[in-house]
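Taking it in order: structure first as C-alpha cells, then the write-up.
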Amino acid sequence: MLANCLIILFGLQAVLAIEKPSLLVSKHEKLLSSAMAEYNSISNDKNLWIPVKILDMNTIPRNGKHFSIKIAIALSNCTKTADNNFDSNYCKAKNETGLKACVFEIFQPSWKMLWKIKFLTCSDYVPSERIIKENSDRSNMKSLDLAMNSQEWQNEEKKTLWSDFMTFIKKFKREYSSIEEQLDRFRIYLQNMNFAKKLQFEEKGTAIYGATKFSDMTAEEFQKIMLPSIWWDRVESNGITFNLNDFNLSINNLPSKFDWRTEGVVTPVKDQGSCGSCWAFSVTGNIESLWAIKTGKLISLSEQELIDCDVIDKGCNGGLPINAFREIKRMGGLEPEDQYPYEAKNGTCHLVRAQIAVSIDDAVEIPRNETVMKAWIAQRGPLSVGIDAELLSYYKSGILHPSKSRCPPSKINHGVLITGYGIEDNLPYWTIKNSWGEQWGENGYFRLMRGKDICGVSDLVSSAIIY
C-alpha cells in the first residue's frame, strides 16, 4: 500500500506544484489537521482521533483542484477541544486496535483560494504490521511533503528507477514501517545503482551488476550482517600437511570443464539469512558432497549445529572453515538438517550424538595454487574457500573479473563452495555455490575468473577428508 501511495503522491505534483515549495510543508500539515478536525466534529467519541498513516491518495477529475486522501486514524489520549484540533507533540494513539480507514475529499474551487475538506466515509482498518509509533503523525506528514518535492523527483531517470524500485519491493517482499523509511531506502537504492554502473564500466569479465536482494541496504549494513568479520584468526595445525601424492592427485590431463552438480552430489542452494554464518554453509556443503561421492547418499547437514556447538568460531559473527572442520571432528560429526534445523541466530548447543549422520576423518588446507585446486575438484570433490564478497551484493550474472583494488585478496570475509570450473568466451572460471538463496545470482551460484587469485579465491582453501 505504501508503494501505491507514493506513486500517487508523485502523480499529484502536477496539481500541487503551482504552490511555492516553501508553503508545501505547512499547507499539507494544515490539510491533514483540517481533515481530522472535520471528522472529530461529527464523532461522538470524547477523545480526539488522530492520523497515524497515509494509506492512499487519488486525483479527482473535476473543475478546480480535487483529490481524495485515505488515512488510517486512531483514538488518542487527548480529550476534545472547542476547535477539535490536536497537538501532535502531546496527542498519541492509545492502542493499535480500533483503527479506522477514513476517506476525505480535499478540493479548491477554481474561483476560490481556500481549500475545503469534506468527510466521505470510514471503515475498520487492521494493519498488516505495527504502524503506531512515536510521532507517527508528524513523520508521515513530513514524508508526504518530501514525496511532493518537485525539485527532487522530477528527474526522468529517477522516475524509471522508482518503477524499478517498486519491482524490487514486490520481488523481495519488502515491508517498510513508513513512507519516510521507504523514501530513505529508495535513496539508498539509487546510490547502489549508481555504484553498480561504476562496477559495470570497470568490469573485465562478463559479469552483470544491478539490483539484488541487498540493493536497499547501505554498504555498512550489508557488511555488518552478511560479512561480519575478516578471516585472519585461524588456529594452529588444523589439518594434515598437503602432498599431491598422498591424495593421488595429478595436475596433468585435467578436463577443461567439470561440475559436481551434474553428478547429483550437491545439495540445493540454502539461505543463511541475516546471520554471518557463511563459513558454516561452506563447510556443510563440502562435507555433504564428499559424503555423497563416497556413499552415494546426499544428506543435507546442519549448519545450526556448527553455529551452536563450535567453540572456536563465532556463530553468526563469523568463522573459518578450517576451524570448523576441526570442531566437527571433535564433536563426532554432523546431524542432518531436519534433526537440527537452521534458525539464523546463535543458540545453545543441543547436539544429540545418536543422531549424527556424517563424520569426517580429518581436514586439509590446499596450497595457494589454482592448478592444484582444479585437480582436487576434478578428482576428489568441491572445495571450501574464502573470498572478498563485498561486490557480490551487486552481482546478477556472468563471470566476475573485478580489479584487485575493488576486490583485494587481503580482505577475505565470506565463505563459499567451489563445485566446478569451466571456460566461456576464452575466460576460465570457477563455479561457486553461495548461501544467499536461489533468487540471488545465477540461481544461487556465481562464476569467478580462474587463475589470477581474484578476490583471494586461492588464499584460504580447505576440505574435509573422508577415507
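A short reminder: the numbers here are calculations on the coordinates, not readings from a lab. From a predicted model like this one, the values you see are computed outputs, not experimental measurements. So basically every Cβ, Gly included, is an ideal-geometry build from the backbone, and we count neighbours across all protein chains shown.
So what are the radius of gyration and Dmax for the Cα set of segment 376-466, in Å?
In order Rg, Dmax, the Cα atoms of segment 376-466 give 12.4, 38 Å.
Note the full-extension length gain between residue 123 and residue 173 as 0.36 nm times their separation in residues minus their Cα-Cα distance, in nm to one decimal.
15.4 nm
Report the Stokes-Einstein translational diffusion coefficient (µm² s⁻¹, integer) for segment 209-465, Rh taken as the Kirkwood radius over Cα pairs, at 20 °C with viscosity 1.002 mPa s.
For the chosen part, D equals 118 µm²/s.
Could I have the simple spin-label model distance between residue 379 and residue 163, label points 7 Å from Cα toward Cβ, reported in nm to one decimal?
So the two model labels end up 5.6 nm from each other.
Given labels modelled 7 Å from the Cα in the Cβ direction, how far is it in nm from residue 453 to residue 56?
It is 6.0 nm.
How big is segment 317-406 along each principal axis, measuring the range of its Cα positions in Å and listing the largest first?
Sorted from largest, the Cα extents of segment 317-406 read 48, 31, 20 Å.
Rounded to whole Å and sorted largest first, what semi-axes of the equivalent ellipsoid does the C-alpha gyration tensor of segment 156-202 yield via the square root of 5 times each eigenvalue?
21, 11, 11
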